[in-house]
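A short worksheet on the structure shown next.
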Amino acid sequence: MKPPSFDYVRPRSLSEALGILAARGDGARLLAGGQSLMPALNMRLLSPELVVDIGGLDDLRGIVERDGLVRIGALTRHVDLQRSAIVVRHVPLLAVAIDHVAHPAIRNRGTIGGSIAFADPAAELPACAVALQARMIVAGMAGTRIVPADEFFLGIYETALGPDEILVALEFDAVGPDQRSAFAELARRRGDYALVGLAAHARVDADRLDEVRLVYFSIGPTPVRARTAEALLTGRPLTRDTVTAAQAALAADLDPPADTQASSAARRQMARVLLARVVMELLDPVPIGAGG
Amino acid sequence: MTAPPFSPFDRPNSYIGRSVPRPNARRLLAGRGQFTDDVQFARLTHVAFLRSPHAHARIRGLDLNAAKAAPGVIVIATGADLARLCRPWVGTLTHFAGLKSPPQYPLAIDRVVWRGEPVVAAVAATRALAEDALELVVVDWEELPAVADMETALDPATSVIHPEFGDNKAFSLHLESGAVDQAFAAAHQVIEAEWHFGRHTAVSLEPRTMVAQFDPSEQRLTVFQSTQTPYQMQDVYARHLGLSDAQVRVVAKDVGGSFGMKLHVYGDEMATAALSMMLGRPVKFVADRLESFVSDIHARDHRVKARVAVTADGEITAFAVDDLTGIGPFSAYPRTSAVEGNQVIRLIGGPYRHRHYRADLKVVFQNKNIMSQYRAVGHPIACAVTEAMVDLAAASVGLDPVELRRRNMLTDDMYPYTSPTGFVFERLSHHQCLDRLVGHMDYESLRAEQERLRRHGVFRGIGIAAYIEITNPGPAFYGVGGARISAQDGCILKLEPSGQVRCLVSVTEQGQGTETAMAQVAASVLGIPLDAVRVVTGDTEVTPHGGATWASRGAGIGGETVLRAARALRDNILALAGTILQAHADTLDIRDGLIVDADGGRERMALAELARIAFFRPDTLPPDFQPEMTVARHHVPRGQPFAFTNGIQAAHVEVEIETGFIKLLKHWVVDDCGRVINPQLVDEQIRGGVVQGIGAALFEECIYGADGQMQNGTLADYLVPMAGEMPDIVVDHVSTPTVYSELGAKGVGEAGTAASAAAVLNAVNDALRPLGARVTTIPLTPDRVLAALGKLDA
Ligand SMILES: Cc1cc2nc3c(=O)[nH]c(=O)nc-3n(C[C@H](O)[C@H](O)[C@H](O)COP(=O)(O)OP(=O)(O)OC[C@H]3O[C@@H](n4cnc5c(N)ncnc54)[C@H](O)[C@@H]3O)c2cc1C
């Protein structure tokens, strides 16, 4: 479990980093918090020629809110999200989800950019980004482009990022007074990747939901929207029957994988349970920090 | 000589029975621990192993040229190379009649028989360079059919792993006692069930680690090793590498957990020692986590079919069991892989008074990693089968599980008692333990709450598991079968000129606090402050030869050894004091490090002063008086082949029936390990053991595919129990000291592990009972619970 040898650089500016990527392309890998990259190197699943440590790019750090937009720099660590009042107020879904990401030692180093760019299908933050329709701010030699979250995640560990691009930030709309988010996951142990998880966001009017987005994770190659179930929950009073119908509709929306942790059938059952839980939560939220 | 005025256990400043802090805790917490990997060597080299990617394959060819030319490489060695330096070993012992196992070599030769078997060794300047070189080794594999499923291992259609044996059966055993068939024929109820126990593994915090250093000038091999049995390993290295014991030194520095996993002989470790002899240089091997999962011994892996006969008033009259267990391709050396199954079938039914018993054991070979002894060998399986069957028996006659146990457990008037499997119980305390347990749990209220919550769709369960635990083994365990594993332990105790005492003892420390317990015994018997005793363990050149640590023997055997040595040194000190003070030795005592008048306690002289005279001014003593300030004693248990402890555990759980998730609410243990030397250490042994058993119950499993590949060999996929999910664990004690030693300690290292999985299994099935569901396989994963509840659609 020792990595194969590689070269290492620590650029001081974004343009320098982009220049290095442009020159080295496929043979280079960015290093952010290292919490996914280092294990992959140690297990020799990856063997880049060059590791480009972007830890010195301070412009990629920090959380700011302006005019109803929240911008979170790619190097913002999980622990920074946990501690941010801006996140709690304006992007509460992230505030809830981040407590489920790994353990303190990992949250002290792991970054939101690393999590999004790594695109682990079991990770929480990509699903939240899709649920909230985040915009990924991506820098390349040719300039900056914006990729909507819906178009960002392409497959297992596969994103819209080119080999010479850097994710610099995520941008979220601050939640409006009539919008709510909910989050639930089932993990065997606190901090584990979930067997199944669900990030949800909707407009709420009494007992009606609109613009419902149900984004499952750990249930397919990317965050998976349950579109049929979303449609069944949209625009009508929510009753036990609507929820049951939406749960049944998941059969069409989801095709969960089987692995050593859970069978496909167990994941499907758990997905149904989570749906009921997030609907309850959307209608009757528990304040952040309450409960446990 | 004279008896002290108080026994060491009740004298005013005795440390026995007190929760004194562990002296080594401060050092370890300060990061000053010295584990094997911390030891520095000049000209150190590092070895890494190419391991088989196949469960079963022929090695048609090996191309090592590129690897040999790789940067930093010192040598690339194959199985054939090392077979010239190291004699093979065979994991059989004569007291397991019929046990078969083929010779095993450090590295595979011509054929691999499990995924993870070491094949090629690369020694290089760094571990990373050694791993780089291994990537350049080209092996021409011819895959062979793998035997993975133990259920079909004996089918004629299944290929035979070792053709010379004719079949895949390693060992079998039949036990029969009483009139089993009549008992079943006469029963009011016969309950039958089949239980499955997954494989798991130790996952010690510190992996297997060693540095072997051969000095050609002296022809001496020194091995620094993370092991629990340095003396056994000294003997193994000597005999298999063509050296004498005197040429081999094994040193165990701090050891970060072992759990029975670090007393087996591993090919990669034998290879490391052989490579150091080949090179005349120190060679370091540190198993990384990935190779630990496929090379550290695995544990358990049983399918047990059980039947129990019950009378109408709830008397259990007979058990009949059939245990099938898979051990991988070899029986482990030098303790064999037969002990686990043997203990399962001899321990089943242990706490109960039935007189009719039948058991069949089949131990089969497979193309999987080797299975062998691990904490609480056989006990968790025996306990789970017994206790799960007892719960079914209770339900079948409409009795509460506590009541059925009351009616069937051995009673205080039955000892000494010989069980149907031939175990002799000196004195156990099942009923006292049960009564205490029920009190701690507030059992009736828990039952009432359970009833109430069920009506709200909350399913809680209460599970109880009584156990017996084998401890303090004498030669009956291994020595009689021909294993060169010491049954006795030794202690050298010396008073030094400072007046302080050094205790060199053969039992070893892997984090459980053995050294502290030994210091407590020595200080209490001698009558000196605890911090005046320094305990040294784990160096075959320094400490006496002994069994070291396994089968819960440290406190019981090691403690008694230290007690006897301390008595002898105390007598010597008082004899000297009497001579100096011109008083009768039996009018003197040692208290708090001072020689005092036994009567009245007046201070007469400090130990340091006595030591000064002994060492520097013996000329002032009578010419015929020789002070002996160093004593040595050995101790081996006699009177019984091994001791038994007993106890009982209970688990309270909540099963979320929608998801199959299990929440542990609380756990209780009442244990009887005889004399408790250090309550805190004992309680933490029990708690740690309980957590390990909970790991087996809920989380840990080495999952294999039909191709013999382990599919979850990383810490992301193999779930160890973690603090967040663990319940509070209440621990209490009943104390029935053994009369076969003065100390009366019976050992406690495995009691927690023995019964916690059984308690959790019973609790979960108790929760599921009103739903008509039952789980019969551990670990109890959400999938298995959901399947039992019929909640998995096709
Ligand atoms: C024991 C353990 C448990 C974990 N549990 C969870 C969990 O429950 N849920 C969860 O979501 N995660 C979990 N993680 C992963 C953790 O959240 C990682 O921090 C995260 O996935 C990656 O972030 P990082 O900053 O460490 O990225 P790195 O490891 O540095 O990089 C990961 C990948 O992303 C690329 N990358 C990084 N930053 C950028 C960027 N700005 N632009 C483009 N590419 C970039 C890198 O090149 C690399 O390929 C766990 C990790 C560990 C070790």
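With the cut-off at 1.5 for a/c, could you classify the stretch B:711-754 from its C-alpha gyration tensor as rounded, prolate or oblate?
Oblate, because a/c is 1.5 or more while a/b does not exceed b/c.
Would you mind counting up the charge near residue B:483? Only other residues with Cβ under 13 Å from its Cβ, with Lys and Arg at +1 and Asp and Glu at -1.
Every neighbour counted, the sum reads +2.
About its Cα centre, how strong a charge dipole does the protein assembly as shown have in debye, to the nearest 20, once Lys and Arg get +1 and Asp and Glu get -1 at the Cβ?
Working: 105 positive and 125 negative charges, 202 e Å.
So the dipole magnitude of the protein assembly as shown works out to roughly 960 debye.
In degrees from 0 to 90, rounded to the nearest 10, what is the angle of the helix A:240-253 Cα long axis to the longest principal axis of chain A?
Tilt relative to chain A: about 40 degrees.
From the backbone phi of the stretch B:433-442, what are the Karplus-calculated ³J(HN,Hα) couplings (6.51 cos²θ - 1.76 cosθ + 1.60, θ = phi - 60°) in whole Hz, Gly and Pro given as x?
3J(HN,Hα) across the stretch B:433-442, in whole Hz: 5, 4, 4, 4, 4, 4, x, 4, 6, 6.
Could you look at the stretch B:1-155 and say what percent of its accessible area is carbon and sulfur, using a 1.4 Å probe and all protein chains?
Solvent-exposed carbon and sulfur of the stretch B:1-155 make up 53 percent of the total.
In debye to the nearest 20, how big a dipole does chain B give about its Cα centre with +1 on each Lys and Arg Cβ and -1 on each Asp and Glu Cβ? Don't jump to the answer; show the numbers that get you there.
Values: 74 positive and 91 negative charges, 181 e Å.
Roughly 860 debye, rounded to the nearest 20.
How high is the relative contact order of chain B, given as a whole-number percent (alpha carbon pairs under 8 Å, six or more residues apart)?
Answer for chain B is 16 percent.
Hey, can you grab everything whose amide H is under 5 Å from the amide H of residue B:675? Only 5+ residues off in sequence or another chain; H modelled, so Pro and N-termini drop out.
Those qualifying (amide H under 5 Å, at least 5 residues apart or on another chain) are B:738, B:745, B:746.
Would you please give the residues with an amide H less than 5 Å from that of residue B:368, counting only those at least 5 places away or on a separate chain, with H modeled from the backbone geometry?
B:328
What ³J(HN,Hα) values, in whole Hz, does the Karplus curve 6.51 cos²θ - 1.76 cosθ + 1.60 give for the stretch B:25-40 when θ = phi - 60°, with x put for Gly and Pro?
Values per residue, Gly and Pro as x: 5, 4, 4, 5, 5, 7, x, 9, x, 10, 8, 3, 5, 7, 6, 9 Hz.
Need the C-alpha centroid separation for the stretch B:740-761 versus the stretch B:510-586, integer Å.
Distance between centres, Cα-based: 24 Å.
Output the relative contact order of the stretch A:7-53, whole-number percent, from Cα pairs under 8 angstrom with separation of 6+ residues.
After rounding, I find 59 percent.
Just give the residues from the stretch A:150-198 buried by at least 20 square angstrom of accessible area in the all-chains context relative to the isolated chain, probe 1.4 Å, and say none if nothing qualifies.
The answer is A:186, A:188, A:189, A:190.
In nanometres, what is the gap between the two model label sites at residue B:193 and residue B:246, each 7 Å from Cα along Cα-to-Cβ?
Each label point lies 7 Å from its Cα, and together they span 6.0 nm.
More than 17 angstrom separation, counting every C-alpha pair in the stretch A:179-282; what % is that?
Result: 46 percent of Cα pairs exceed 17 Å.
Within the set of other residues whose C-beta is less than 12 Å from the C-beta of residue B:34, count the net charge using Lys and Arg as +1 and Asp and Glu as -1.
Result for the local shell: -1.
For residue A:178 and residue A:108, what is the calculated FRET efficiency with R₀ set at 51 Å and r taken between the beta-carbons, to the nearest 0.05? Intermediate values should be presented prior to the final figure.
On the way: r = 36 Å, r/R0 = 0.70.
Step by step, r from the Cβ atoms, then E = 0.90.
Could you tell me how many cubic angstrom of Cα convex hull volume the stretch A:59-173 has per residue?
On the way: hull volume 11.1 nm³, N = 115.
That works out to 97 Å³ per residue.
At a 1.4 Å probe, what is the % contribution of carbon and sulfur to the accessible area of the stretch B:171-256?
Here carbon and sulfur together make up 48 percent of the probe-accessible area.
What percent of all Cα-Cα pairs in the stretch A:82-138 falls in each 10 Å bin, counting up from 0?
Each 10 Å bin holds this share of Cα pairs: 21, 60, 18.
What is the distance, in nm, between label points placed 7 Å from the Cα along the Cα-to-Cβ direction at residue A:7 and at residue A:66?
3.7 nm
Please report, in whole Å, how far the alpha carbons of chain A spread along each principal axis, starting with the longest.
Result for chain A: principal-axis Cα extents of 59, 46, 34 Å.
Among B:409, B:74, B:364, whose Cα sits farthest toward the positive end of the charge dipole of the protein assembly as shown (+1 at Cβ of Lys/Arg, -1 at Cβ of Asp/Glu, about the Cα centre)?
Value: B:74.
Of B:190, B:730, which has the most accessible area and how do the rest follow, probe 1.4 Å?
Largest accessible area first, the list is B:190, B:730.
Mind giving me the nanometre distance, one decimal, between the label points for residue B:609 and residue B:165, set 7 Å out from Cα along Cα→Cβ?
The two pseudo-label positions are separated by 6.9 nm.
From zero up to wherever the largest Cα-Cα distance of the stretch B:360-470 sits, split into 10 Å bins and tell me the percent of pairs in each.
Final binned percentages: 11, 32, 32, 17, 8.
Please compute the length gained on full extension between residue B:703 and residue B:152, using 0.36 nm multiplied by the number of residues separating them and subtracting their Cα-Cα distance.
Length difference between fully extended and current span is 196.6 nm.
Given Cα pairs under 8 Å that are at least 6 residues apart, what percent is the relative contact order of the stretch B:375-486?
Worked out over the stretch B:375-486, it gives 22 percent.
Net charge around residue B:396, counting only other residues with Cβ within less than 14 Å of its Cβ (Lys, Arg = +1; Asp, Glu = -1)?
Numbers: positive: B:307, B:407, B:769, B:774; negative: B:192, B:313, B:315, B:391, B:400, B:403.
It works out to a net charge of -2.
Around residue B:731, which amide H atoms from residues at least 5 apart in sequence, or from another chain, sit under 5 Å from its own amide H, with H modelled in the peptide plane?
B:669
If you place +1 on the Cβ of every Lys and Arg and -1 on the Cβ of every Asp and Glu, how big does the dipole about the Cα centre of the stretch B:91-161 come out, in debye to the nearest 20?
Values: 4 positive and 11 negative charges, 79 e Å.
Roughly 380 debye for the stretch B:91-161.
Could you report the buried accessible area between B and A, both sides summed, computed with a 1.4 Å probe and given in Å² to the nearest 100?
2500 Å²
Round to the nearest 0.05 the FRET efficiency obtained for residue A:280 and residue A:43 when R0 = 35 Å and r is the Cβ-Cβ distance.
0.30
At 20 °C and 1.002 mPa s, what whole-number value in µm²/s does Stokes-Einstein give for the translational diffusion of the stretch B:422-573, with Rh from the Kirkwood sum over Cα pairs?
Estimated via Stokes-Einstein, D reaches 114 µm²/s.
How big is the gap, in Å, between the Cα center of the stretch A:170-184 and the Cα center of the stretch B:591-641?
78 Å
At a Förster radius of 60 Å, what calculated FRET efficiency corresponds to the Cβ-Cβ distance of residue A:264 and residue B:218, to the nearest 0.05?
So, using R0 = 60 Å, E works out to roughly 0.45.
Residue separation times 0.36 nm, minus the C-alpha to C-alpha distance between residue B:141 and residue B:480: what's the value? Please list the in-between numbers first.
Numbers: separation 339, 0.36 × 339 = 122.04 nm, distance 4.18 nm.
Result: 117.9 nm gained on full extension.
Hey, what number do you get for chain B at 222 nm if only DSSP H runs of n ≥ 4 count, each worth -39500 (n - 2.57), divided across all residues, to the nearest 500?
The helix contribution divided over chain B gives -8000 deg cm²/dmol.
What does the accessible area of residue A:100 come to, in Å² to the nearest 10, when a probe of 1.4 Å is used?
Using a 1.4 Å probe on the heavy atoms, I get roughly 50 Å².
In Å, what Kirkwood hydrodynamic radius results for the protein assembly as shown from the alpha-carbon pair distances?
Answer for the protein assembly as shown: a Kirkwood hydrodynamic radius of 32.1 Å.
How much length is gained on full extension from residue B:449 to residue B:632, taking 0.36 nm per residue of separation minus their Cα-Cα distance? Walk me through the numbers before you get to the answer.
Details: separation 183, 0.36 × 183 = 65.88 nm, distance 5.84 nm.
Length gained between residue B:449 and residue B:632: 60.0 nm.
Any idea which of A:243, A:196, A:218 is furthest toward the positive side of the dipole for the stretch A:119-270, if Lys and Arg beta-carbons carry +1 and Asp and Glu beta-carbons -1?
A:243
In the stretch A:7-53, what percent of the accessible surface is made up of carbon and sulfur (1.4 Å probe, ligands and nucleic acids excluded)?
That share works out to 50 percent.
Consider just the alpha-carbon atoms of the stretch A:7-53 and return their Rg together with their Dmax, both in angstrom.
Here Rg and the maximum Cα pair distance are 10.6, 31 Å.
For q values of 0.08, 0.09, 0.10, 0.11 Å⁻¹, compute log₁₀ I(q)/I(0) with the Debye formula on a Cα-only model of chain B, without solvent.
The calculated log intensity ratios at q = 0.08, 0.09, 0.10, 0.11 Å⁻¹ are -0.70, -0.88, -1.06, -1.23.
Taking only Cα atoms of the stretch B:226-348, what ratio of Rg to Rh do you get with Rh as the Kirkwood inverse-distance radius?
That ratio is 1.15, to two decimals.
Looking at the stretch B:750-794, which residues lose a minimum of 40 Å² of accessible area between their chain alone and all protein chains in place, measuring with a 1.4 Å probe and not counting ligands or nucleic acids?
B:782, B:783, B:793
Through the Karplus equation 6.51 cos²θ - 1.76 cosθ + 1.60, θ set to phi - 60°, convert the phi angles of the stretch B:180-188 into ³J(HN,Hα) values in whole Hz; use x for Gly and Pro.
Values per residue, Gly and Pro as x: 5, 4, 4, 4, 5, 5, 8, 5, 6 Hz.
Rolling a 1.4 Å sphere over the protein heavy atoms, what is the accessible area per residue of the protein assembly as shown, to the nearest Å²? Let's see the in-between values first.
Working: 39800 Å² over 1086 residues.
About 37 Å² of surface per residue is accessible.
Quick check: the distance between the Cα centres of the stretch B:666-720 and the stretch A:230-280, to the nearest angstrom?
Centre-to-centre (Cα) distance: 35 Å.
Among the residues of the stretch B:271-290, which ones have their accessible area go down by 40 Å² or more when all the protein chains sit together, as opposed to their chain alone (1.4 Å probe)?
B:290
The values are calculated or read from the model by the stated rules, or taken from the named source; none is laboratory data. Worth saying up front: this structure is predicted, and the values here are computed from it rather than measured. Backbone-built Cβ (ideal geometry, glycine too); neighbour counts: all protein chains shown. Note: areas computed on protein heavy atoms with side chains; ligands, DNA, RNA excluded. Shrake-Rupley method; radii C 1.70, N 1.55, O 1.52, S 1.80 Å.
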